[in-house]
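Written out below as structure tokens is the structure these notes cover.
The values are calculated or read from the model by the stated rules, or taken from the named source; none is laboratory data. Quantities reported herein were computed from a predicted structural model and do not represent experimental measurements. Here the Cβ positions follow ideal geometry from the backbone for every residue, glycine too, while neighbour counts run over all protein chains shown. Ligands, DNA and RNA are stripped out before the accessible areas are found, and what is left, the full protein with its side chains, is counted by its heavy atoms. Shrake-Rupley method; radii C 1.70, N 1.55, O 1.52, S 1.80 Å.
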Amino acid sequence: MSIKNITWLICTVILACSCTQYIPVGTIFEPSVHTIKKWTFILYMAADNDLESAAIQDLNELEAAQTDTSEINILVLLDRHPAYDSTNGNWTDTRLYEIIPDKAGPNNVIVSKRLVCPPLGLTTTGETELDMANPIVLEYLVDFALASYPAENSALIFWGHGTGWRGSPSYNSISTNTSRALAIDDTSSAFMGIGEANRAISGRGLSIIGFDTCFGALLEITYEFKVSADWLAGSEGIIPASGWDYTELFTRFMASDFSPESFGTALVGHFADQYELTPGASVSFIDLSVVDRLYTDFELFSRVVADSIVSQTELDLTRNLLLDEGKLLHALSYPCDAFIDIGSLSTTIFDNPEKITASTGRQALISEAAEKLQESVYAAVRSSWSTDTGIAKTLAVHLVPLTASNVPLTPHSSAYTKGSGDPGQSAFVRASTSWVPTASHEGTFLDKIFYTFF
């Protein structure tokens, strides 16, 4: 057994479980002996918030899927809230389940097997309140699941609220459900940043990381998790609280060849059928091996456009192009973060280079960079669907906070400002030299668009 496994199997670390309680974990744990299956799916279901009822519904959808348990393991760590759902005994703590198919179908009654998980202090009878925003909880869960339920492929699905780009809680974090990253936990009044989440799961050899959340298919997220999995699934904008239809998703997947690509096909196909009439709905299945190329071409595009704007007229025209003609994605109430679809961004710029610069030479450079970026988006987003038929491959990036429809709210958060000293910055913000704003407004794309005056 490796040193790493010994470290977490014979654990003496104290886990933070709520705002007021701590659970010592000191049990020697030996993983159960299971046959190696084709897949182990791990759902990190952070429902200690207003999504509690949706979580119970989705767990029942998993039970109704009639998955082949000889081929697939599905584990769900579910944390409930005291107020939003009273079914199944109205328990409010955190429990780990192995999904058991329910022949009765979706009936709002949990029939799955409750598991003992010593690293997290979970039993089949006791009540343990875990802080789902604590990355240690995520780390221990993934290690336990992969050791106890070995498989040829593994997938981790983040379930709950999400706004994507924040690396970790920072000193100016906005404390609303629509402005935090992942795993929002009302009991602990905390959330998990994407940087914290990535550090908790890196090196585990995951095949797929999924985001059954809003704002999951973002460049910032793909850049953060690019070496922690082979594929990433998520939506670039808001999705309804019902999220993925797990019955339909796994029914389709069970009829496939069990490849990661087939999971992507099942996800995109069922999502398109489920939300065909929902405005703004989208989903993408992204090849993370292409993200470095995509990032490089995005940065080049950003630099070429920023350097081409040399007058106030050009600046005003470019800003209006982005806000009026680009595909913006944001929450339904203001103030909120606004994201812009990268395909829409590159196409809008490609179609209107004369509005950005009068120089024909610079126009040619812009068109070339935009076309190259479009090619990278197509290569990275292997499959996708959107109700916006004008967007073939959906993937977005943070643009600017909004105070009203198409009305920018600056300054950007210090967590999205290079050189601000904020410790909560994601890997993308730390790496970018051409897109994210800088504390000294040195001329990046967002510096030029929102902080430059001629």
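Flag: LYS372 matches the condition of being closer than 24 Å to ASP292 by Cα, over 24 Å from the mean Cα position of the chain (by Cα) and among the charged types (D, E, K, R). Applying the condition of being of a type in the set (S, T, N, Q) and over 18 Å from GLY210 (Cβ atoms) to region 372-405 and asking which residue is modelled with the lowest pLDDT yields THR389. Elements of the type helices (runs of 4 or more DSSP H) sitting completely within region 321-431 and holding at least 3 residues that are closer than 22 Å to GLY193 by Cα: these cover 427-431.
Could you say which residue among SER112, SER86 is surrounded by fewer than 22 Cβ atoms within 10 Å (Cβ to Cβ) and under 18 Å from ILE42 (Cα atoms)?
Just a single option satisfies the conditions, and that option is SER112.
Being over 18 Å from the mean Cα position of the chain (by Cα), open to solvent by less than 40 Å² (accessible area, probe 1.4 Å) and in contact (Cβ under 8 Å) with a residue 12 or more places away in the chain narrows it down to one residue among PHE285, PHE298; which is it? Show your work before the answer.
Values: PHE285 fails: over 18 Å from the mean Cα position of the chain (by Cα).
Going through PHE285, PHE298 in turn, the sole match is PHE298.
For residues in region 305-348 being hydrophobic (A, V, I, L, M, F, W, C) and touching a Phe, Trp or Tyr at 6+ places or on another chain (Cβ under 8 Å), which is surrounded by the fewest Cβ atoms within 10 Å (Cβ to Cβ)? Among residues in region 305-348 that are hydrophobic (A, V, I, L, M, F, W, C) and touching a Phe, Trp or Tyr at 6+ places or on another chain (Cβ under 8 Å), the one surrounded by the fewest Cβ atoms within 10 Å (Cβ to Cβ) is VAL310. Among the numbered conditions (1) over 30 Å from PRO240 (Cβ atoms); (2) surrounded by 14 or more Cβ atoms within 10 Å (Cβ to Cβ), the only one that SER440 does not meet is (2). Selection of first residues in region 311-325 that are closer than 17 Å to PHE350 by Cβ and of second residues that are part of a helix (DSSP H, G or I) and hydroxyl-bearing (Ser, Thr, Tyr), restricted to Cβ pairs under 7 Å at least 6 apart or on distinct chains, gives the following pairs, ordered by first then second residue: LEU321/THR348; GLU325/THR348.
Any residue in region 219-234 that is at pLDDT 95 or above, within 23 Å of ASP337 (Cβ to Cβ) and of a type in the set (S, T, N, Q)?
Yes, the conditions are met somewhere in region 219-234.
When you look at ASP212, is it at pLDDT 95 or above and open to solvent by 10 Å² or more (accessible area, probe 1.4 Å), yes or no? Criteria not met by ASP212. Tell me, yes or no, whether region 234-253 has at least one residue that is in a strand (DSSP E or B), closer than 19 Å to SER154 by Cβ and in contact (Cβ under 8 Å) with a residue 24 or more places away in the chain. Checking region 234-253: at least one residue is in a strand (DSSP E or B), closer than 19 Å to SER154 by Cβ and in contact (Cβ under 8 Å) with a residue 24 or more places away in the chain.
Can you name the residue in region 255-275 that is of a type in the set (Phe, Trp, Tyr) and in a loop (DSSP other than H, G, I, E, B) and is also surrounded by the fewest Cβ atoms within 10 Å (Cβ to Cβ) among such residues? Write out each step before concluding.
Filtering region 255-275 for residues of a type in the set (Phe, Trp, Tyr) gives 258, 263, 271, 275.
Subset that is in a loop (DSSP other than H, G, I, E, B): 258, 275.
Working: PHE258: 17, TYR275: 21.
Per the criteria, the residue is PHE258.
Do you know which residues across region 133-182 are part of a strand (DSSP E or B) and at pLDDT 95 or above? Scanning region 133-182 gives ALA151, GLU152, ASN153, SER154, ALA155, LEU156, ILE157, PHE158, TRP159. In region 216-228, the qualifying residues are those that are outside any helix (DSSP H, G or I) and open to solvent by 10 Å² or more (accessible area, probe 1.4 Å), and the one that is nearest to ARG430 (Cα to Cα) is LYS226. If a residue has to be surrounded by 24 or more Cβ atoms within 10 Å (Cβ to Cβ) and without any contact (Cβ under 8 Å) to a residue 60 or more places away in the chain to count, how many in region 39-59 make the cut? Total satisfying the criteria: 1. Pairs are defined by a Cβ separation below 6 Å, a sequence spacing of at least 6 or placement on different chains, a first member in region 140-161 that is in contact (Cβ under 8 Å) with a residue 24 or more places away in the chain, and a second member that is hydroxyl-bearing (Ser, Thr, Tyr) and surrounded by fewer than 20 Cβ atoms within 10 Å (Cβ to Cβ); the pairs so defined are SER148/SER32; ASN153/SER207; SER154/SER207; ALA155/SER207.
The requirement of being open to solvent by less than 20 Å² (accessible area, probe 1.4 Å), touching a helix residue (DSSP H, G or I) at 6+ places or on another chain (Cβ under 9 Å) and within 21 Å of SER311 (Cα to Cα) is fulfilled somewhere in region 422-435, by at least one residue.
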